[in-house]
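Here is the structure we will look at.
The values are calculated or read from the model by the stated rules, or taken from the named source; none is laboratory data. Predicted model only: the values in this text are computed from it and were never measured. Please note: Cβ atoms are built from the backbone with ideal geometry, for glycine as well, and neighbour counts cover all protein chains shown. Surface areas here come from the heavy atoms of the whole protein model, side chains and all, with no ligands, DNA or RNA. Shrake-Rupley method; radii C 1.70, N 1.55, O 1.52, S 1.80 Å.
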Amino acid sequence: MAGVIACDRPPSSDGRQGGPLIVTEDVELLDDLLRLCAAAGARPEVQHGVPERRGGWDAAPLVLVGDDAVDRVRGAARRRGVVLVGRDQDDSGVWRRAVEIGADHVLVLPDGERWLVDRIADVAEGVGRPALTVGVIGGSGGAGASTLACALAVTAARAGRRTMLVDADPLGGGLDVLLGGEAADGLRWPAFAQSRGRVGGGALEESLPELHALRVLSWDRGDSVVIPPEAMRAVIAAARRRGGVVVVDLPRRVDEGVAEALAQVDLGLLVVPAELRAVAGARRVASAVGIVLRDLRVVVGGGPLGGFGGFGGFGGSDGSGGFEAEEVARLLGLPLVGELPREGGLSAAQAKGMPPGGVARGPLARFCAGFWERVPVDATGGGS
């Protein structure tokens, strides 16, 4: 008979909660549940019945009741987060017993192991509201999407939001370079390429380079240019669980890995220079992205390479024959977020270690700050 494992702990300083409460006398079932808790990084409390100490049943973030212990918990106060766990796939009476104890879920092992590990890890991490996740995509080459993604992340971090910037474009040269941190310590994408299942949000955050008060997942200088779909799904999900803001710099092509990222994006920004060819190309990008992402909006930028040499003029004001921003949005059939302002000298500032959006009173930083002020009202995803 397994003993009682006491683990009555308040949330730790990093926001992690206490582990789940396990109620069972089934030794084999207990061994399985302890193994799954270990896989989720949680330390459980184990009891043979409802804990006698005050609040032990009510305070646990998750309660796992073995099917053998139903009689011993039947009189306990009703609460959310109770899972009835059994082994017999053919036991139809398990649903009746779940109703009797007010269980939210019925789980049969081993089939439900993956779901249960994820659920235990959620409570162990103290998961709250997911991060507002913004994807930035260039409608054409050199539109300035990477520059805007960096500026959005830098501006969000400066405002005190927990911020992570994810470089999902392996051919983009690395956002750590754009932020002046290519030599910074921390992991890059190749370290996560074999990720399957769940990645711990806290472990991910702590492993990444910290640049300009935000965490950056970028590429190294190696030859790897592939993000497996499973790795993309796991890493973006882990980033979102930490809350705050996640900005994802996305390539124009939509492969399986990019589709996994788009599936977790709340709001997409398509950066489109106000030029005929750029608009024509952006329509194809928007069509492909729109298959996965419901909320896609347009940001009108300067001409080719405008994002790295300073956002140039647009809307036809420089005599280049460009479109007005409203016309670009109308041609694409997308809501207009706004027009990127002129800001010269971005490349020179980058050479001195100043990231895009690093000058708080600069036009680009003000544009991004205005975006973050509006987006919690407009977006359907979680906020900071």
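Specify which labelled value, from (i) 25.7, 88; (ii) 24.6, 83; (iii) 22.3, 76, agrees with Rg and Dmax of the Cα atoms in Å derived from the coordinates of the model shown.
Comparing each candidate, only (ii) matches the computed number.
May I ask you to derive the FRET efficiency for residue 226 and residue 38 from their Cβ-Cβ distance with R0 = 35 Å, giving the value to the nearest 0.05?
0.65
With θ taken as phi - 60° and the coefficients 6.51, -1.76 and 1.60, list the Karplus ³J(HN,Hα) couplings across region 145-159 in order, rounded to whole Hz; mark glycine and proline as x.
Once rounded to whole Hz, the list reads 5, 5, 4, 5, 4, 4, 5, 4, 5, 4, 5, 5, 5, 5, 7.
For helix 27-39, what angle does its Cα long axis make with the longest principal axis of the chain, in degrees from 0 to 90 and rounded to 10?
Approximately 20 degrees, to the nearest ten.
Pick from 341, 228, 110: which residue has the top mean-square fluctuation in a GNM of the chain where Cα pairs under 10 Å get a spring?
Greatest mean-square fluctuation among the candidates belongs to 110.
At 222 nm, what value in deg cm²/dmol follows for the chain if DSSP H runs of at least 4 each add -39500 (n - 2.57) and the sum is divided by all its residues, to the nearest 500?
One gets -10000 deg cm²/dmol as the mean residue ellipticity at 222 nm.
Among 92, 224, 207, which one shows the biggest mean-square fluctuation in a GNM of the chain, springs joining Cα atoms closer than 10 Å?
Taking springs between Cα atoms under 10 Å, the residue moving most is 92.
What relative contact order, as a whole-number percentage, does the chain give when Cα pairs under 8 Å and 6 or more residues apart are counted?
Normalised by residue count, the contact order of the chain is 17 percent.
So how tilted is helix 363-378 from the main axis of the chain? Cα-based, degrees 0 to 90, rounded to 10.
40 degrees
Search the structure for amide H atoms under 5 Å from the amide H of residue 275, placed 1.01 Å from N in the peptide plane, and list their residues when 5 or more places away or on another chain.
Counting only residues 5 or more places away or on other chains, the set is 323.
Long-range amide H contacts for residue 22: which residues qualify at under 5 Å (H placed 1.01 Å from N, peptide plane, sequence gap of 5 or more or a different chain)?
45, 46, 47, 64
Can you run phi through the Karplus equation (6.51, -1.76, 1.60; θ = phi - 60°) for region 244-261 and list ³J(HN,Hα) in whole Hz, with x for Gly and Pro?
Running phi through 6.51 cos²θ - 1.76 cosθ + 1.60 with θ = phi - 60° gives x, 10, 10, 10, 10, 8, 10, x, 6, 7, 10, 9, 5, x, 5, 4, 5, 5 Hz.
Please give the contour-minus-distance gain from residue 54 to residue 284: 0.36 nm per residue of separation, less the Cα-Cα distance, rounded to one decimal in nm.
Result for the pair: 76.7 nm of gain on full extension.
If you plug each phi of region 175-188 into the Karplus form 6.51 cos²θ - 1.76 cosθ + 1.60 with θ = phi - 60°, what whole-Hz ³J(HN,Hα) values come out, in order, with x for Gly and Pro?
Coupling constants for region 175-188: 5, 5, 5, 5, 8, x, x, 5, 9, 5, 5, x, 7, 10 Hz.
Can you give me the solvent accessible area of residue 256 with a 1.4 Å probe, rounded to the nearest 10 Å²?
140 Å²
Dipole of the chain, Cα-centred, from +1 at each Lys and Arg C-beta and -1 at each Asp and Glu C-beta, to the nearest 20 debye?
1080 debye
Among 272, 101, 61, whose Cα projects farthest towards the positive end of the dipole of the chain, with charges put on the beta-carbon of Lys, Arg (+1) and Asp, Glu (-1)?
Checked the options; the winner is 272.
With every protein chain left in place and a probe of 1.4 Å, what is the accessible surface of residue 291, to the nearest 10 Å²?
140 Å²
Arrange the residues 371, 323 by how much accessible surface each exposes, largest first, with a 1.4 angstrom probe. Display every interim value, and only then the final one.
Numbers: 371 10, 323 50 Å².
Of 371, 323, the descending order of accessible area is 323, 371.
If DNA, RNA and ligands are ignored and the probe is 1.4 Å, what is the ranking of 111, 122 by accessible area, most exposed first?
The residues order as 111, 122, largest area first.
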